[in-house]
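A quick write-up on the structure given underneath.
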Amino acid sequence: MFDFSWSELLVIALVALVVIGPKDLPRVLRAAGKWAAKARTVAREFQSSIDQMIRESELEEVRKEVEKVAATDIGHEIEQSVDPKGELSGSLRPPELPDASNNHADASETSGPDGGDAATTTAELVKSGPTHPEEPEPAVPVTQKPEKTQTAA
């Protein structure tokens, strides 16, 4: 701490022996030892309080970081990083059909080519894709089964 060499300590001890005297020297050294112990204790307490303050401030910073991360919408962040302009999500949306709400009415009104109970809906026509004049129509119509209803007994 103070960086004294052995020769300097010997000179200090000889001066203390001459000035204080051999009779009172043990009592003075004991008091100096107690003061040094108190100084070490105070320094240790000061260091531990500084360390505790540092830990608390780090914990406060960590707590703020955790709150910040918890407040972020991870799904939105991922979506923004993957598709920032929204092009991908727009291409994955199903196409909106103007008569999609009338599917059930269309199914009951439309009959298959054989005039039977088979019905082709607008959605099924859209799924099959555009038809070209050189391509023949499918021979087997797509049928829709009627929905079963439960009756209360």
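The values are calculated or read from the model by the stated rules, or taken from the named source; none is laboratory data. Keep in mind that what you see is a predicted model, and the values were worked out from it rather than measured. Note: ideal-geometry Cβ built from the backbone for every residue, glycine included; neighbour counts use all protein chains shown.
Here are some notes:
Yes/no matrix, rows are residues, columns are (1) in contact with a helix residue (DSSP H, G or I) (Cβ under 8 Å, 6 or more places away or on another chain); (2) surrounded by 10 or more Cβ atoms within 10 Å (Cβ to Cβ); (3) at positive phi; (4) at pLDDT 90 or above:
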residue	(1), (2), (3), (4)
R40	no, yes, no, yes
E45	no, yes, no, yes
S48	no, yes, no, yes
V62	no, yes, no, no
V82	yes, no, no, no
S91	no, no, no, no
P98	no, no, no, no
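- Subset of the stretch 40-76 that is under 30 Å from S89 (Cα atoms) and among the small types (G, A, S) - its residue that is nearest to the chain's Cα centre (by Cα): A70
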